[in-house]
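Taking it in order: structure first as structure tokens, then the write-up.
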Amino acid sequence: MDQQQLKPWGCMTWLSQGLVLLFAGCAWCVSGLFLFSLPTLKAHILTKAIIVVLAACAAAFPVAMFMWSRYWRRVAWDNAWGFIVGPMPEYEDARQAWRWGRRVLLIWVVTLACVFSAATIEALRHQ
């Protein structure tokens, strides 16, 4: 059987890769704008440090997500959440997917913590 018949949506990979690059470019632009506007921001120094961490997370998230999806396709398991929080797998592709998935999860948690802590710091500062 022809390989193209096995993957009917195989011709759409260029579109998905283009969307990933567009998403990454937008995230990197937003991250750059965060850092560019930081010196003129009227905020507490701790909030500025949190914004630097948030900009780093915005730049790292698309890379980690792309690499996780790349290795995840090779592993082809059903349950992504159980896979990420479970123990480290034995074979190499699954181990790489596990590592990149945990990085995505860590970046997501740090991003949420930064967003809520920056808002809390500024709300407490203005009381």
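The values are calculated or read from the model by the stated rules, or taken from the named source; none is laboratory data. Nothing here was measured: the structure is a model prediction, and the numbers come from that model. Virtual Cβ from ideal backbone geometry, glycine too; neighbours counted across all protein chains shown.
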If a residue has to be within 24 Å of A24 (Cα to Cα) and touching a residue at least 60 places away in the same chain (Cβ under 8 Å) to count, how many in the range 89-127 make the cut?
3
Can you name the residue in the range 64-79 that is part of a helix (DSSP H, G or I) and out of contact with any helix residue (DSSP H, G or I) (no Cβ under 7 Å at 6 or more places or on another chain) and, of all such residues, is farthest from A113 (Cα to Cα)?
R73
Pairs under 7 Å by beta carbon, first residue surrounded by 13 or more Cβ atoms within 10 Å (Cβ to Cβ) in the range 38-53, partner among the hydroxyl-bearing types (S, T, Y) and modelled with pLDDT of 90 or more, six or more apart or different chains?
I50/S117
What is the one condition in (1) of a type outside the set (A, V, I, L, M); (2) over 30 Å from I121 (Cα atoms); (3) not in a helix (DSSP H, G or I) that P39 does not satisfy?
(2)
Search result, residues across the range 70-94 that are buried (at least 16 other Cβ atoms within 10 Å of the Cβ) and either hydroxyl-bearing (S, T, Y) or modelled with pLDDT of 90 or more (or both)
Y71
Just the residues that are surrounded by 15 or more Cβ atoms within 10 Å (Cβ to Cβ) and modelled with pLDDT of 90 or more, please, taken from the range 101-120.
R102, R103, V104, L105, I107, V110, T111, C114, S117, A118
Residue satisfying all of: in the range 17-34; over 30 Å from D93 (Cα atoms) and crowded, with 16+ Cβ neighbours inside 10 Å; modelled with the highest pLDDT among these
S31
